[in-house]
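The values are calculated or read from the model by the stated rules, or taken from the named source; none is laboratory data. Bear in mind the structure is a predicted one, so any value in this text is a computation, not a measurement. Neighbour counts are summed over all protein chains in view; Cβ atoms, including those assigned to glycine, are modelled from backbone coordinates with ideal geometry. These area figures cover heavy atoms from the full protein model, side chains too; ligands, DNA and RNA do not enter into them. Shrake-Rupley method; radii C 1.70, N 1.55, O 1.52, S 1.80 Å.
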Amino acid sequence: MLTYTFSPREKMMLAILAFVGILIAWYQFVFVNYQNQMSSLDSQIATVQEEILLNQSRAEAIKKMQTLVEEYEAQGIDPLILPSYDNTKSLMAYLNGVLASSTGYSMAFDNASVSEEDGMVHRTGTISFGADSYKSARSIAEAIARGPYPCQVTALGITDDSSQGTKRKESEGTVTASLEVTFLEEVPEGTTVKSEEDGGVQGQDLSKLSDWDK
């Protein structure tokens, strides 16, 4: 039988090859697997964090809505149901019906956006219309602000057509009114709407002012 004795140099090369083979096996079956598990874990953590932030936003929005409902109930006003996005068709039908009693009107609305402040869809626009009297204009504005769809009125101006734009509160004479209003809608899951960069619409909610009853 023939035998072969490895030289010290060959033994060294074999040892190096064996060590390299072990390193390759460790990298392939241990390190790579570990990295994949860490990446998967990081992804899961990010998903959970997003869900936590989303749930916090929803909880804050619900709390604000509950506060709003309590304020309405305290004033003897029936709380309004927040419509789901997209409520444009029903909203436009209602506004056209209310404004039919005016002498003429126009409406311009911005694209719907999600407020970072309350987590609701904000549909902001300007409604301009004419009326036979201040009382009629105020009645139309009240019907919009206290209608079936929740909104925030941020500005309301009524000017007398016969006095070069001065404000008046008499019942005679034609007037022109301008209403800046934001209608609110609920954001359904899976709906993507552009977020507002200004953190929400600011302004006084005239739909809750007791001044409407004066």
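The table below gives the values:
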| item | result |
| --- | --- |
| Any pair with Cβ under 7 angstrom, 6 or more apart, that starts in segment 83-97 at a residue that is of a type in the set (Phe, Trp, Tyr) and ends at one that is crowded, with 18+ Cβ neighbours inside 10 Å and not in a helix (DSSP H, G or I) | Tyr85/Ala112; Tyr85/Val121; Tyr85/Glu185; Tyr85/Val187; Tyr94/Tyr149 |
| Contacts under 6 angstrom Cβ, first residue in segment 124-139 being touching a residue at least 40 places away in the same chain (Cβ under 8 Å), partner open to solvent by less than 10 Å² (accessible area, probe 1.4 Å) and assigned to a strand (DSSP E or B), 6 or more apart | Thr124/Thr182; Ile127/Leu179; Phe129/Ala177; Ala131/Val175; Tyr134/Val175; Ala137/Ala131; Ala137/Val175; Ala137/Ala177 |
| Segment 111-157, subset among the acidic types (Asp, Glu) and modelled with pLDDT under 90, residue surrounded by the fewest Cβ atoms within 10 Å (Cβ to Cβ) | Glu116 |
| Enumeration of residues in segment 4-14 that are in a loop (DSSP other than H, G, I, E, B) and either surrounded by 10 or more Cβ atoms within 10 Å (Cβ to Cβ) or not small (Gly, Ala, Ser) (or both) | Tyr4, Thr5, Phe6 |
| Single unsatisfied condition, Leu17 versus (1) in a helix (DSSP H, G or I); (2) open to solvent by 90 Å² or more (accessible area, probe 1.4 Å); (3) at pLDDT below 75 | (3) |
| Within segment 158-169, considering residues that are not in a loop (DSSP other than H, G, I, E, B) and not acidic (Asp, Glu), the one modelled with the lowest pLDDT | Lys167 |
| Flag if Leu179 is crowded, with 17+ Cβ neighbours inside 10 Å, in contact with a helix residue (DSSP H, G or I) (Cβ under 6 Å, 6 or more places away or on another chain) and either modelled with pLDDT of 90 or more or closer than 18 Å to Lys64 by Cβ (or both) | yes |
| Residue pairs meeting the criteria (Cβ under 8 Å; at least 6 apart or on separate chains; first touching a residue at least 60 places away in the same chain (Cβ under 8 Å), in segment 42-64; second surrounded by 11 or more Cβ atoms within 10 Å (Cβ to Cβ)) | Ser57/Gly119; Arg58/Gly119 |
| Conditions (1) open to solvent by less than 70 Å² (accessible area, probe 1.4 Å); (2) at pLDDT 75 or above; number of the one not met by Leu68 | (2) |
